[in-house]
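FYI, it's all coordinate maths here, none of it is from the lab. What you are looking at is a predicted structure, and each value in this text was computed from that prediction instead of being measured. With ideal geometry, Cβ positions are generated from the backbone for all residues, glycine too; neighbour counts draw on all protein chains shown.
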Amino acid sequence: MKIRIIVLSLLTIAVFIGIYQLLDTKQESAYRQKLYEDRREKNRFFMVSEYSPLVAEQKKSFKGLEYFSPDESWVVSAKWSPATTMDTLLLPTNSGETDSIIVMGKVEFKIGEKTFVLTAYLNPYDSERPLFIPFKDKTSGIESYGGGRYLDANSEKDGVVLLDFNMAYNPFCAYNADYSCFFPPLENVLPVEVTAGEKFVQAQFP
């Protein structure tokens, strides 16, 4: 009798684990599907939109942007520390000059066992996601754009900001030097490889 109870208990646990894994897989699949759809939509924008950074000649050979594979371990919760004052900072740009931007606060998060802090600014490009985080990492200039990448984020909720590095993207000046873009400050240089988000292959965008 005891053996039957143990066997039934183990079977019940196995069923629950199986259901949990199935639900988890479906959730992951939904996340990836949305990410892939966003990437397809951005490719369409680059190809056909009048606001695309690509010139007509570039569009002829454009075969789509390149990305690191989706990896949900790069979706991290960050502790939010708001700036005590709305200071304006001058950041370098690709034109060799500086431009002003408003400091919003800092995000503190972990990658593996290490803790990092990045400065967030008022987003000059996307009012729906007000936090703008330009950053560089060890892939910059190798697999990703040498001038760094951008990450947009929603406002904090209960002191936490969700950072999805799979959404990291290159500034338009990576594809067209006529655009002006901010370069990340030294404090936003991460001493790790962020293998998520957009890649950059210079040969595709001469």
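Distance between the 7 Å Cα→Cβ label points at Asp178 and Asn154: 3.6 nm.
The modelled label-to-label distance for the pair Lys34/Met86, using points 7 Å beyond Cα in the direction of Cβ, is 3.0 nm. Once backbone amide H atoms are built at 1.01 Å from N, Lys138 has Val192, Glu193, Val194 as its partners under 5 Å, excluding neighbours fewer than 5 places away on the same chain.
Remark: region 74-206 carries a charge dipole of roughly 280 debye about the Cα centre, counting +1 on each Lys and Arg Cβ and -1 on each Asp and Glu Cβ. Which pairs in the list Lys42/Lys157; Lys34/Lys110; Lys34/Lys60; Lys59/Lys199; Lys34/Lys106; Lys63/Lys199 are over 20 Å apart, alpha-carbon to alpha-carbon? Flagged as over cut-off: Lys42/Lys157; Lys34/Lys110; Lys34/Lys60; Lys34/Lys106. Taken along its principal axes, the alpha carbon cloud of region 81-177 reaches lengths of 39, 32, 22 Å, longest axis first. A straight line joining the Cα centroids of region 162-193 and region 45-93 runs 6 Å.
Taking 0.36 nm per residue of sequence separation and removing the Cα-Cα distance, the Phe62/Phe45 pair yields an extension gain of 5.0 nm. Residues whose amide H lies under 5 Å from that of Ser144, counting only those 5 or more places away or on a different chain, are Phe200; hydrogens are built 1.01 Å from N in the peptide plane.
Full extension of the segment from Tyr125 to Glu187, taken as 0.36 nm per residue of separation minus the current Cα-Cα distance, would add 20.2 nm.
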